[in-house]
Amino acid sequence: MKEEIRQLKELEEKIQSTWDLLDVDNMIVEMHALEKEMQDPDFWNDQENATTVSKRQEEIREEVATWEEMKKEVEELISLSEDLEKSPDEEME
């Protein structure tokens, strides 16, 4: 189990490194700014701009959701693995 935990932690580090490389935190800031822009009552007055902004916001939202889900799943796997290491399930032995 120690090897699996080590590999999961390496994966977690790689995900964080890629998160930083892609600047996902900045994507989140941009996504919130676009969402705020989209809440403006006059937003749809310029259909072309509104469409562009809406598409960009959706692209960012999907990208961020993917990376957040990956981080969450690996964190949960590490936690589960560590718990299993502390108190192994007899059926797994």
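Miscellaneous remarks
- Residue in the range 27-42 that is farthest from V74 (Cα to Cα), counting only those that are charged (D, E, K, R) and open to solvent by 80 Å² or more (accessible area, probe 1.4 Å): D42
- Some residue of the range 27-38 being within 13 Å of the chain's Cα centre (by Cα), under 30 Å from S81 (Cβ atoms) and not charged (D, E, K, R): yes
- Scoring N45 on the criteria (1) at pLDDT 95 or above; (2) within 30 Å of L84 (Cβ to Cβ); (3) open to solvent by 70 Å² or more (accessible area, probe 1.4 Å) leaves a single failure, condition (2).
So that you can scan it fast, the table gives a plain yes or no per residue for (1) modelled with pLDDT of 95 or more; (2) hydrophobic (A, V, I, L, M, F, W, C); (3) open to solvent by 80 Å² or more (accessible area, probe 1.4 Å):
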| site | (1), (2), (3) |
| --- | --- |
| K14 | yes, no, yes |
| L21 | yes, yes, yes |
| D25 | yes, no, yes |
| V64 | yes, yes, no |
| L84 | no, yes, no |
| P88 | no, no, no |
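- Cross-chain or 6+ apart pairs with Cβ under 6 Å, the range 10-33 first and within 15 Å of E62 (Cβ to Cβ), then open to solvent by 80 Å² or more (accessible area, probe 1.4 Å) and in a helix (DSSP H, G or I): M31/R61
Rundown of residues vs (1) farther than 30 Å from I5 by Cα; (2) touching a Lys or Arg at 6+ places or on another chain (Cβ under 7 Å); (3) of a type in the set (K, R); (4) part of a helix (DSSP H, G or I), yes/no style:
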{"site": "M31", "(1), (2), (3), (4)": "yes, yes, no, yes"}
{"site": "K36", "(1), (2), (3), (4)": "yes, no, yes, yes"}
{"site": "P41", "(1), (2), (3), (4)": "yes, no, no, no"}
{"site": "E48", "(1), (2), (3), (4)": "yes, no, no, yes"}
{"site": "I60", "(1), (2), (3), (4)": "yes, no, no, yes"}
{"site": "E63", "(1), (2), (3), (4)": "no, no, no, yes"}
{"site": "M70", "(1), (2), (3), (4)": "no, no, no, yes"}
{"site": "L77", "(1), (2), (3), (4)": "no, no, no, yes"}
{"site": "E82", "(1), (2), (3), (4)": "no, no, no, yes"}
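- Hits in the range 1-29 (condition: within 30 Å of S54 (Cβ to Cβ) and either of a type in the set (A, V, I, L, M) or not in a helix (DSSP H, G or I) (or both)): I15, L21, L22, D23, V24, M27, I28, V29
The values are calculated or read from the model by the stated rules, or taken from the named source; none is laboratory data. Everything quoted here is computed from the prediction, not taken from an experiment. Cβ sites come from the backbone with ideal geometry, for glycine too, and all protein chains shown count toward neighbours. Side chains are part of the model used for accessible areas, which takes the heavy atoms of the whole protein and leaves out ligands, DNA and RNA. Shrake-Rupley method; radii C 1.70, N 1.55, O 1.52, S 1.80 Å.
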